[in-house]
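Notes follow the structure.
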């Protein structure tokens, strides 16, 4: 995963150079980030919000000649919607060669649910498909909650005693991934008073 | 034709070379339900029943430590 983190950080740096004068925002603008990805990769991306997409947070479909459509579910709240969008966009600059691609939708879907619902050993092919999803999550976490924000997050939690929900709202990122990052960096996670 | 093959057929008909899903709740959903949602999404897209993704977040909100 080190290569994934490296690629994600490199793309975030390009976004910062292009959009914020290399200063670190509390929350990136994901739409502008996608424009940077399009410029850097040569992809033409259509990004849409879909109402009727109950079982998926999002999906990306790639086509020849570097065209892609990103679908994001309207059921997500704002933080999840942004995270989902970045996760899907990240596939474009991390999985860049045809051997990374998968056009078997059923195998992809089955691998995703089987990891939770079966005790059987997963096949090498399933493992490869799952890894592709983890890659997207790792990249999105690195882009939306980078290490540069860790001192700020620690300050909000340790000094201002903010609850993780409030910090996540400020960062416009899902609480689940914020808490993951906080645990990674040994930042205390406050709990609501009884 | 079931929903699974409908989405796969759509991918093939449209020349798709790669697809990735982000399930809402993979411990509860079935593979078929994921594909059903995917198919509904592409049909909604084709019928224009969707809106462009937008992010109104102001990225000039720099954190104090910067």
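The values are calculated or read from the model by the stated rules, or taken from the named source; none is laboratory data. This structure is a prediction, so every number in the text was calculated from the model and none was measured. When we count neighbours, we look across all protein chains shown, and the Cβ atoms used for this are built from the backbone with ideal geometry, even at glycine.
Side notes on the structure shown:
- Residues considered: A:156, A:163. Of these, the only one that is more than 12 Å from chain B (Cβ to nearest Cβ) and modelled with pLDDT of 95 or more is A:163.
- Residues located in segment A:65-104, provided they are part of a strand (DSSP E or B) and within 22 Å of residue A:178 (Cα to Cα): A:72, A:73
- Across segment A:35-50, the number of residues qualifying as outside any helix (DSSP H, G or I) and touching a helix residue (DSSP H, G or I) at 6+ places or on another chain (Cβ under 7 Å) comes to 6.
- Considering each residue of segment A:83-97 in turn, none proves to be surrounded by fewer than 22 Cβ atoms within 10 Å (Cβ to Cβ) and within 7 Å of chain B (Cβ to nearest Cβ).
- Candidates A:32, A:67 - the one that is at pLDDT 95 or above, surrounded by fewer than 18 Cβ atoms within 10 Å (Cβ to Cβ) and within 18 Å of residue A:139 (Cα to Cα): A:32
- Test result for residue A:105, within 28 Å of residue A:40 (Cα to Cα), surrounded by 23 or more Cβ atoms within 10 Å (Cβ to Cβ) and modelled with pLDDT under 95: yes
- Unique match (being modelled with pLDDT of 95 or more, farther than 18 Å from residue A:27 by Cβ and in contact with a strand residue (DSSP E or B) (Cβ under 7 Å, 6 or more places away or on another chain)) among A:92, A:112: A:92
- For segment B:1-59, the set of residues classified as surrounded by fewer than 16 Cβ atoms within 10 Å (Cβ to Cβ), facing another protein chain (nearest Cβ under 7 Å) and modelled with pLDDT under 90 consists of B:27 only.
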